[in-house]
Amino acid sequence: MRINLVLELLDSPGQLVKALEPISNYGANLVTVIHKRDYKNDNGNVPVQLTIEGEHEDLKSIVSKYGELGFSIIEMDGVVLKEKITTIFFGHIVDQDLRDTMDRINELEGVVIVAFDIKLNGEEKSTALINIEADIGRKQAVFNRIAEIAEEKDLLVINEV
């Protein structure tokens, strides 16, 4: 059996080797590896496309191991598994408990904030750019949670279209 995966790896020494270890540990074969270092995202991650051959159970174990190692599988056999969501908060973000805002977004199943950039302007209102990675089909749940937080904390929200 053959499986095609696209992983996101941190662009730092040793990450590709770490991603290849489960393949040999489970006795599968690496057919193709394409490491696209020129396509670094905002978080410093790069996509790595792998084609792996092996027994069905071994391939399932490899995919599971990637989750344990913290590697994000963004595509499997041509099916996109993760989507990126970008939103902007404007208002008294820090005064409205920044940690609570992040925790409430991150507590959604299959959702994680991958970057949070804030621009402070003294005592004035601040702007925060939030990059979120979510499982496919979770986008509306993310938008609903963001709207709920914004209304409660009197923040202006600009969501992507």
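The values are calculated or read from the model by the stated rules, or taken from the named source; none is laboratory data. Owing to the predicted nature of the structure, the values given are computational and were not obtained by experimental measurement. Neighbour counts are summed over all protein chains in view; Cβ atoms, including those assigned to glycine, are modelled from backbone coordinates with ideal geometry.
Is at least one residue of the range 64-78 assigned by TED's automatic domain parsing to the domain that holds GLY14 and among the basic types (Lys, Arg)?
Checking the range 64-78: at least one residue is assigned by TED's automatic domain parsing to the domain that holds GLY14 and among the basic types (Lys, Arg).
Go through (1) in contact with a helix residue (DSSP H, G or I) (Cβ under 7 Å, 6 or more places away or on another chain); (2) buried (at least 17 other Cβ atoms within 10 Å of the Cβ); (3) not in a strand (DSSP E or B) and name the single condition ALA150 misses.
Only one criterion in (1) in contact with a helix residue (DSSP H, G or I) (Cβ under 7 Å, 6 or more places away or on another chain); (2) buried (at least 17 other Cβ atoms within 10 Å of the Cβ); (3) not in a strand (DSSP E or B) is unmet by ALA150, namely (1).
Within the bounds of the range 32-39, is there any residue that is in contact with a helix residue (DSSP H, G or I) (Cβ under 6 Å, 6 or more places away or on another chain), surrounded by fewer than 15 Cβ atoms within 10 Å (Cβ to Cβ), farther than 24 Å from GLU83 by Cβ and without any contact (Cβ under 8 Å) to a residue 60 or more places away in the chain?
No, the range 32-39 contains no residue that is in contact with a helix residue (DSSP H, G or I) (Cβ under 6 Å, 6 or more places away or on another chain), surrounded by fewer than 15 Cβ atoms within 10 Å (Cβ to Cβ), farther than 24 Å from GLU83 by Cβ and without any contact (Cβ under 8 Å) to a residue 60 or more places away in the chain.
Output the number of residues of the range 90-143 satisfying the condition of being out of contact with any Gly (no Cβ under 8 Å at 6 or more places or on another chain) and within 23 Å of SER72 (Cβ to Cβ).
Residues that pass the stated criteria total 30.
For ASP58, indicate whether it is of a type outside the set (A, V, I, L, M, F, W, C) and free of Cβ contacts under 8 Å to residues at least 12 places away in the same chain.
Criteria not met by ASP58.
Could you grab me the full set of residues in the range 76-87 that are outside any loop (DSSP other than H, G, I, E, B), out of contact with any Lys or Arg (no Cβ under 8 Å at 6 or more places or on another chain) and surrounded by fewer than 17 Cβ atoms within 10 Å (Cβ to Cβ)?
Within the range 76-87, MET76, VAL79, VAL80, LYS84, THR86 meet the criteria.
Quick one: how many residues across the range 89-114 are surrounded by 15 or more Cβ atoms within 10 Å (Cβ to Cβ), over 11 Å from the mean Cα position of the chain (by Cα) and not polar (S, T, N, Q)?
Number of matching residues: 9.
When the residues of the range 25-73 are filtered to those that are of a type in the set (D, E, K, R) and either in a strand (DSSP E or B) or in contact with a Phe, Trp or Tyr (Cβ under 8 Å, 6 or more places away or on another chain) (or both), which remaining residue is nearest to LEU9 (Cα to Cα)?
Among residues in the range 25-73 that are of a type in the set (D, E, K, R) and either in a strand (DSSP E or B) or in contact with a Phe, Trp or Tyr (Cβ under 8 Å, 6 or more places away or on another chain) (or both), the one nearest to LEU9 (Cα to Cα) is LYS65.
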